[in-house]
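What follows is one structure encoded as structure tokens, with my remarks underneath.
None of the figures in this text is laboratory data; all of them are computed from the coordinates on show. Everything numeric in this text was worked out from a predicted model, so none of it was measured. Methodologically, a virtual Cβ is constructed for each residue, glycine included, from the backbone with ideal geometry; neighbour enumeration extends over all protein chains shown.
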Amino acid sequence: MHTLADLRAGTLAGTKRLHLACGLTEFPREIFSLSESLEMLDLSGNSLTDLPHDLHRLTHLKILFCSNNPFTHLPEAIGQCPQLQVVGFKACRIREVSARALPAPLRSLILTDNCIESLPEELGDCHALQKLMMAGNRLRHLPASLAKCQRLELLRISANHIALLPDWLLNMPALAWLACAANPLSSPSTDTQIPPIAWQDLQLEQVLGQGASGVIQQALWLSGDRAPQPVAVKLYKGAVTSDGSPLDEMAACIAAGNHPNLIRVEGQIYGHPGEVDGLVMELISPDFINLAGPPSLQTCTRDIYNDTRFTGTVALRIATGVAAATAHLHAHGLTHGDLYGHNVLWNERGDCLLGDFGAASFYADAPTGARLERLEVRAYGILLGELIERCDGMDQQTLGQLTELQQQCVQPTIELRPSFAQIEQRLATFANL
């Protein structure tokens, strides 16, 4: 975090990244003194309502975040920035998005949790667009021109007013991660029943993790005459996240049911003094770690693996476990929506668990579900490719078969991609796991 005083004193000369959150009501003109170096500007958490018309003077600016400001429109000035690729205006009050506000090099547009009812048709002219995040708005439809964005890979439209997924959307060749829950087109399943667990029977311990949708803590479940059972407790927040509604995530966790490659849900909490919704889940052994780190601003839609390597056996076990878990979800009318390595836990034996249902969506109908499955198969194919790239010691025949399967999963024609059940069958023939 920087200060306005530092900026005015000239001590930030040459900086590439600037973050100011100090109650700003106007754009500090001193920022233009950094025009020869500034690449990332974060003005989130201020009281700004517009940006200067000459913002394009920041000729090297690639990333702009202005979340949690009271903007009512996406400032048109950003559309003239020659190198601007990532634009983030979450949790503002934006109602209007003008075509003039769209920079030509745009790769990632994040407008989560606003009041937007429509997007301009000119969005389809942003041919570099890979990520579009519109959860928590008032959209009734998407511009048909978006079909021209052949590089679009990740789309978040949960918690809007969309009644139908258009055909062109479900045929987009690169789309792999779609979240569309909390729209009229689908509703959570109520068939799955899980045991109720009283809040007073839980003894909370240390925090294990915290994300946009809630907090996970270790706890002891004190149940009758049985010995206290170590568990994990997730308490959900009510606010809209970049993926959608936390309560839709909870509903998806419940509907998913039990599977060896999913984190088991023990029960649903009742009687919380603050009326907070939550689940009790199995406590995962500490030898499980995340398969990858989430995408960065630079990688946009690709996970970060650092120096992780896998043996052939471990890579196959992970690939098979993830495919089995996802096949199970689709058999229950669910799409995961965020099938990434950073949402997979694994250990050195290749045991794995698929987690994070924040982007999960329920099928609107069986035909749509079949197409959503093939869409998600592309996400699986990308993950499988990442495993193959980091695999050592696999025999050439198996490697060739696995690479062929991976290519089938990511091919642009979705009807030609295999189902997850078919993927499972193919993997079972490669080796004795």
Quick one: Karplus J couplings for the range 282-294, per residue in order, coefficients 6.51, -1.76, 1.60, θ = phi - 60°, nearest Hz, x for Gly and Pro?
4, 8, 7, 4, x, 7, 8, 10, 5, 5, 8, x, x
Calculated [θ] (222 nm, deg cm²/dmol) that DSSP helices of n ≥ 4 give over the chain, each run adding -39,500 (n - 2.57):
-6500 deg cm²/dmol
Whole-Hz couplings from phi, Karplus 6.51/-1.76/1.60, listed for the range 8-22; x for Gly and Pro:
5, 7, x, 6, 9, 3, x, 5, 9, 10, 10, 10, 10, 9, 9
Once the Cα gyration tensor of the range 335-433 is diagonalised, semi-axes √(5λ) in Å
24, 18, 11
The range 111-172: percent of C-alpha pairs farther apart than 16 Å?
41 percent
Find, among the trypsin sites (Lys or Arg not before Pro) in the range 216-270, those assigned to loop by DSSP (not H, G, I, E, B) with at most 10 other beta-carbon atoms within 10 angstrom.
ARG226
Please compute the alpha carbon radius of gyration of the chain, then divide it by the globular-protein estimate 2.2 N^0.38 Å. Two decimals is fine.
1.04
The alpha-carbon center of the range 81-109 and that of the range 1-24 are separated, in whole Å, by 23 Å
Residue order, fewest to most surrounding Cβ atoms within 10 angstrom, among ARG95, ARG317:
ARG95, ARG317
Among VAL344, SER47, LEU106, whose Cα sits farthest toward the positive end of the charge dipole of the chain (+1 at Cβ of Lys/Arg, -1 at Cβ of Asp/Glu, about the Cα centre)?
LEU106
Treat every Asp and Glu Cβ in the chain as -1 and every Lys and Arg Cβ as +1, leave all other atoms uncharged, and give the resulting dipole magnitude about the Cα centre to the nearest 20 debye.
680 debye
If amide H atoms are built 1.01 Å from N in the plane of the peptide, which residues on other chains or at least 5 residues away come under 5 Å of the amide H of THR311?
ASP392
With the convex hull built on the Cα atoms of the range 373-419, state its orientation-averaged projected area in nm².
3.1 nm²
Mind pulling the angle between the C-alpha long axis of helix 396-410 and the longest principal axis of the chain? Nearest 10 degrees, somewhere in 0 to 90.
50 degrees
Need the C-alpha centroid separation for the range 120-181 versus the range 197-254, integer Å.
32 Å
Using the count of nearby Cβ atoms within 10 Å as a rough guide to exposure, how do TYR305, TYR236, TYR380, TYR270 rank from fewest to most?
TYR270, TYR305, TYR236, TYR380
Could you give the angle, 0 to 90 degrees to the nearest 10, between helix 312-331's Cα long axis and the longest principal axis of the Cα atoms of the chain?
90 degrees
From phi via Karplus (6.51, -1.76, 1.60), per-residue ³J(HN,Hα) for the range 164-170 in Hz, x at Gly/Pro
8, 8, x, 4, 4, 5, 6
Just want the ordering: TRP168, TRP177, from fewest to most Cβ atoms lying within 10 Å of their own Cβ.
TRP168, TRP177
Just grab the label-to-label distance for ASN171 and ARG264, each label 7 Å out from Cα along the Cβ direction, in nm (one decimal).
4.5 nm
Can you classify the range 196-282 as rounded, prolate or oblate using the Cα gyration tensor, where a ≥ b ≥ c are the square roots of its eigenvalues, rounded means a/c under 1.5, and otherwise it's prolate if a/b beats b/c and oblate if not?
prolate
Just order 78-90, 361-373 by mean Cβ neighbour count inside 10 Å, highest at the front, would you?
78-90, 361-373
What whole-number distance in Å separates the alpha-carbon centres of the range 370-433 and the range 317-339?
13 Å
